[in-house]
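Okay, so here's the structure we're looking at.
The values are calculated or read from the model by the stated rules, or taken from the named source; none is laboratory data. Worth saying up front: this structure is predicted, and the values here are computed from it rather than measured. Virtual Cβ from ideal backbone geometry, glycine too; neighbours counted across all protein chains shown. Just so you know, the surface numbers come from the protein's heavy atoms only, side chains and all, with ligands and any DNA or RNA stripped out. Shrake-Rupley method; radii C 1.70, N 1.55, O 1.52, S 1.80 Å.
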Amino acid sequence: MFKLEKHAVSTAQSALAELASTHVAVLSVLNGTSQGDIWVDHRPNPEVAIVVIGDMYFLAGELKPAEHSLERIWAIIPDWAYLYCEDHWGPFLDQVWSNKYALPHPRLRFGFASGNPLPELIQPPAGFEFVPIDRNLFNRNPGNLDLFRRAVEEWRSPDAFFENAVGVCALHNKQIVSHCLTDSVCGSRCEIGVRTSSKYRRLGLAQAAASATIHACLQRGIADIEWHTHASNKGSIATAKSIGLTELDRYTAYSCRLPAENIGDLGSAYCAELATHFEQASADINWCRFPAAGASVMAGDNQRALDNIRLLLESDWQGQTAWLENFWALQPLHKDPEFQVLISRRQK
């Protein structure tokens, strides 16, 4: 596989056409708006391409197992990748990816297609200030602004972010508590994502921020607005529908993470099965104790979660305690004395 120079990424357009029709993130790398690398099987007319955006890997192209050296792909995709691929790659993943324990993640894509009636602008609840995510917000420097500083780093440059990104956030006591922001933009298409601090949920903030962001996108001529979510994320699906988005299609990603984003998204019995799966995977991939701990909490077995965290920390895991502290599935453990001891020992 060969890593394309920035001036040559357009040669991968044909191989990436199918995935780009579903993922604006792929298009934004092709047009140079977002940071990312593209690997291809050969130049100048590649048949197989891999787009790398942080921990997201997009595998695309015409698969010819008899002709392609699949082990070359193996060297590109790490075990911790969150992998998106075209359907025909599914039966061959064990030949191109070292992570034989990855699970399918059913996902949905919602959208507001150009030509649809303008969705209703949802009014924010009282006591919250809603402002655009722009240079003025950065100059104000409210609490939690690091959320957006990390987002800026994913774009080609800060100027590219401020010129192309569209978003709205909710402020409360000078803190950012909810926001909706375009993750990727390419021409008239964009993908938006929403996030709300846990103690400010169920107040309508996400709907109001997303509604305002859609209106701001349309005012800029970005008419094809997309929203991706886990099929298990009932809250995200409800929010998408509440702001006028409709389901466009369904697809599958693959990962050794939990196929969810919130406690309660998955049934406890299934979470117990996931915990067992990840515990078994940890014999080969030690960091799988991390999702095993999260699955255990969601299965209602906090002691099992703590045991997995202890074994993770006793291994040669190179992760940070902040990852454990910020992992949404482990939030119920924060006040547990044993969890606090494990974290403090690791920090020392």
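Checking S198 against (1) hydroxyl-bearing (S, T, Y); (2) closer than 27 Å to G54 by Cα; (3) at pLDDT 90 or above: exactly one of these is not met. Which one?
Single failed check for S198: (3).
I'd like to check something: does segment 153-160 contain any residue that is surrounded by 21 or more Cβ atoms within 10 Å (Cβ to Cβ) and not in a strand (DSSP E or B)?
no
So, of the residues in segment 272-286 that are open to solvent by 50 Å² or more (accessible area, probe 1.4 Å) and in contact with a helix residue (DSSP H, G or I) (Cβ under 9 Å, 6 or more places away or on another chain), which turns out to be farthest from D336 (Cα to Cα)? Please lay out each step first, then the result.
Going through segment 272-286, the residues open to solvent by 50 Å² or more (accessible area, probe 1.4 Å) turn out to be 273, 276, 280, 283-284.
Still in the running and in contact with a helix residue (DSSP H, G or I) (Cβ under 9 Å, 6 or more places away or on another chain): 273, 276, 280.
Values: E273: 24, T276: 23, Q280: 25 Å.
Among those residues, the one meeting the criterion is Q280.
Limited to segment 161-200, what total is found for residues that are part of a loop (DSSP other than H, G, I, E, B) and of a type in the set (S, T, N, Q)? Walk me through how you get there before you give the answer.
We begin by selecting, within segment 161-200, every residue part of a loop (DSSP other than H, G, I, E, B); these are 165-166, 173-174, 187-188, 197.
So of that shortlist, the ones also of a type in the set (S, T, N, Q) come out as 173, 188, 197.
Going through segment 161-200 one residue at a time, the tally reaches 3.
Just wondering, is there one or more residues in segment 53-65 that are assigned to a loop (DSSP other than H, G, I, E, B), open to solvent by 50 Å² or more (accessible area, probe 1.4 Å) and within 29 Å of P158 (Cβ to Cβ)? Break it down stepwise before answering.
Filtering segment 53-65 down to residues assigned to a loop (DSSP other than H, G, I, E, B) leaves 54-55, 62-65.
Next, only the ones that are open to solvent by 50 Å² or more (accessible area, probe 1.4 Å) stay: 54-55, 62, 64-65.
With the extra rule that they be within 29 Å of P158 (Cβ to Cβ), the set shrinks to 54-55.
Checked against the condition, which is being assigned to a loop (DSSP other than H, G, I, E, B), open to solvent by 50 Å² or more (accessible area, probe 1.4 Å) and within 29 Å of P158 (Cβ to Cβ), segment 53-65 yields at least one hit.
Just checking, how many residues over segment 161-189 are open to solvent by 60 Å² or more (accessible area, probe 1.4 Å), free of Cβ contacts under 8 Å to residues at least 60 places away in the same chain and under 25 Å from Y200 (Cβ atoms)?
Residues that pass the stated criteria total 3.
Could you please find all residues in segment 303-348 being more than 23 Å from A281 (Cα to Cα), touching a residue at least 12 places away in the same chain (Cβ under 8 Å) and open to solvent by 90 Å² or more (accessible area, probe 1.4 Å)?
Passing the criteria: R345, Q347.
Restricting to segment 81-96, name every residue that is assigned to a loop (DSSP other than H, G, I, E, B) and at pLDDT below 95.
Applying the first criterion (assigned to a loop (DSSP other than H, G, I, E, B)) to segment 81-96 yields 81, 86.
If the condition is that a residue be assigned to a loop (DSSP other than H, G, I, E, B) and at pLDDT below 95, then E86 is the only one that fits.
Given the criteria out of contact with any Asp or Glu (no Cβ under 9 Å at 6 or more places or on another chain), over 26 Å from F58 (Cα atoms), part of a helix (DSSP H, G or I) and open to solvent by 50 Å² or more (accessible area, probe 1.4 Å), does T213 qualify? Walk me through how you get there before you give the answer.
Working: out of contact with any Asp or Glu (no Cβ under 9 Å at 6 or more places or on another chain): yes; over 26 Å from F58 (Cα atoms): yes; part of a helix (DSSP H, G or I): yes; open to solvent by 50 Å² or more (accessible area, probe 1.4 Å): no.
Here the answer is no, as T213 does not meet what is asked.
Examine segment 5-17 for a residue that is under 16 Å from the mean Cα position of the chain (by Cα) and at pLDDT 95 or above, and state whether such a residue exists.
no
Condition test on T229, is it among the polar types (S, T, N, Q), at pLDDT 95 or above and surrounded by 15 or more Cβ atoms within 10 Å (Cβ to Cβ)? Explain how you work it out, then say what you get.
Details: among the polar types (S, T, N, Q): yes; at pLDDT 95 or above: yes; surrounded by 15 or more Cβ atoms within 10 Å (Cβ to Cβ): yes.
Here the answer is yes, as T229 does meet what is asked.
Which number in (1) open to solvent by less than 10 Å² (accessible area, probe 1.4 Å); (2) within 22 Å of the chain's Cα centre (by Cα); (3) touching a residue at least 40 places away in the same chain (Cβ under 8 Å) marks the one condition that Y254 misses?
Looking at each condition in turn, Y254 falls short on (1).
I'd like the full set of residues that are part of a helix (DSSP H, G or I), open to solvent by 40 Å² or more (accessible area, probe 1.4 Å) and not acidic (D, E), limited to segment 14-30.
Passing the criteria: A17, S21, L27.
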